[in-house]
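Encoded as C-alpha cells, the structure appears first; notes follow it.
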Amino acid sequence: MTKIFRFGVIGCGLMGREFASAAARWLHLADMKARPEITAVCDTNPTLLDWFRDNVPTVRQFTADYKELLANPEVDAVYCAVPHVLHQQFYVDILKAGKHLLGEKPFGMDAAQNREIMAVLAEHPELLVRCSSEMLFFPGAQKVIALAESGEMGDILEVEAGFLHSSDIDRQKPINWKRVADINGEYGCMGDLGMHVLHVPLRLGWRPQTLHAQLIKKVTERPDGKGGMLPCTTWDNATISSRVRTGDQDFPMVLKTWRIAPGESNTWYIRVLGMRKSAFFSTKTPRQWQWMDYNGGAQAWSTEDIGYGSLFPTITGKIFEFGFTDAIQQMWAAFVDELAGGNANGFGCATPAEAQAHHAILTAALKSGRENVVVPVNYEGADA
C-alpha cells in the first residue's frame, strides 16, 4: 500500500502552487513508495488561499497564521516558501513543532540566520530536512553529474556553473521584495540563485577555497507601482571566480548568478572541462546534453537527445521532452522517497549541510565584491 505523507504549505505563491501541481500529478510517477497529500495551507493573502480552495480538495485547513498550521496534528511535513527574512523564524518553529521540512533557498537570509537554523536542526535528528533546488533533476544534468563522479574526466581544467535571468533588464519592472536588502538579504541575486548554481559542485565535493567576486548593481531604483520610485538595494549580477583544491584536483571554477542576462529567460547550466572528457548541459536545450572524449586524436563534441530519462521513472515515453514542471516533481519525488525510508534513487535533494556550505561561499563573495579582494572561504561548521 502506498504511504501517504500529509503536507502543510506555508507560502501559497508561485512555488507553493507548483508543489500543489506536482502533488496533483503524482500518478505521473511510476512505482512510488509514498505520495504527498496537502492537508493545510497558510498565507496572508486570501486570494492565494482561494486558489487552493478551488484546486486542491484535500486541504482541510486554511489559515493566515503559520503557527496554527504547525499545531495541526494532521500535518506530517511542511513545504515553506516565504521571503528570506522569515526563514530563520519559520524554519526554527517548523522544526520545534516536529515537522519534516523542505525549505527554500537560501535557507536563512544570511550565514548568521543559517547557523541558528542548523543549531535547532541538530536537536532534531529524527526530522528529514532538505533545501529546494530542482534544476539538477533534469536528465541532462544527471548525465553530467554521473560522468563527473565516474572519474573518467581526468584532470579538470575548469568548471563553470550559472543561473541566468533577463527579466530585470526592464528598468520599468516594478520593485518587489527581492530588490530590498532588508527582506531579501545582502546577498542579492546570490541568495536567490546561488543554491541552484552551487548544488552540483558541492555534491561533487568541489568547494572553493578562495574566491574573487564581481558584484554588479546596474538598476538603482524601480517603480513602486504607485507612481513613484524606490531604491533597489540588492545586487543584480554576481560573477565569482574561485579556486577549488581537492585531494587530487586543483582547478578554477566560475559561478554566475545573473538577474540581468540579455537574451536569457530562466537558464541553468553547468560545463566541466577535463583533460580526457568534458561535459555540458543547459536547460536552454533541455532534451540534450553534450560530451567530448579526447584520446589524442580529433576533438569533437557529441550531442545526445536523451528525452525523458528521469531519475524517478514515469508513465511518459522516453522519446518525449522533459521540462521545468517535471524537474519540480522529480525533486519532490526524491524528498518523499526519503521520507518513506528510500535513498532518493541515489540522488537526494540539497542537504542542510550543503546549504550551510553555500552560505560560507556567498558570505566570502559578499566581502570580496565589496572590497575587491581575494577572500578565503571559511567552512567552519558546514559539515554538520
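The values are calculated or read from the model by the stated rules, or taken from the named source; none is laboratory data. Predicted model only: the values in this text are computed from it and were never measured. Don't worry about glycine lacking a Cβ; one is built from the backbone with ideal geometry, like all the others, and counts go over all protein chains shown. Heavy atoms of the whole protein, side chains included, go into the accessibility calculation; ligands, DNA and RNA do not. Shrake-Rupley method; radii C 1.70, N 1.55, O 1.52, S 1.80 Å.
Table for the structure above
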read-out	value
Solvent exposure of segment 27-66 as accessible area per residue, Å², 1.4 Å probe	54
Computed [θ] at 222 nm, deg cm²/dmol, the chain (DSSP H ≥ 4; -39,500 (n - 2.57); rounded to nearest 500)	-9000 deg cm²/dmol
Solvent-accessible area, 1.4 Å probe, carbon plus sulfur percent, for the chain	51
Segment 301-364: C-alpha gyration tensor shape, a/c 1.5 cut-off, then a/b vs b/c	oblate
Shape category assigned to segment 84-213 from the gyration tensor of Cα positions, a/c cut at 1.5	oblate
FRET efficiency estimate (nearest 0.05) - Cβ-Cβ, residue 171 to residue 89, R0 45 angstrom	0.85
Cα gyration tensor, segment 173-229 - rounded (a/c under 1.5), prolate or oblate	prolate
Computed FRET value (nearest 0.05) for residue 243 with residue 21, which takes r as the C-beta separation and R₀ as 45 Å	0.65
Axial C-alpha extent at least 18 Å, average Kyte-Doolittle at least 0.5 - helices from the chain (DSSP)	189-203
Kirkwood Rh in Å, taken over segment 337-384 so that all alpha-carbon pairs contribute	12.6
Distance violations [Cα-Cα > 18 Å] among 3/33; 218/256; 143/318; 173/256	173/256
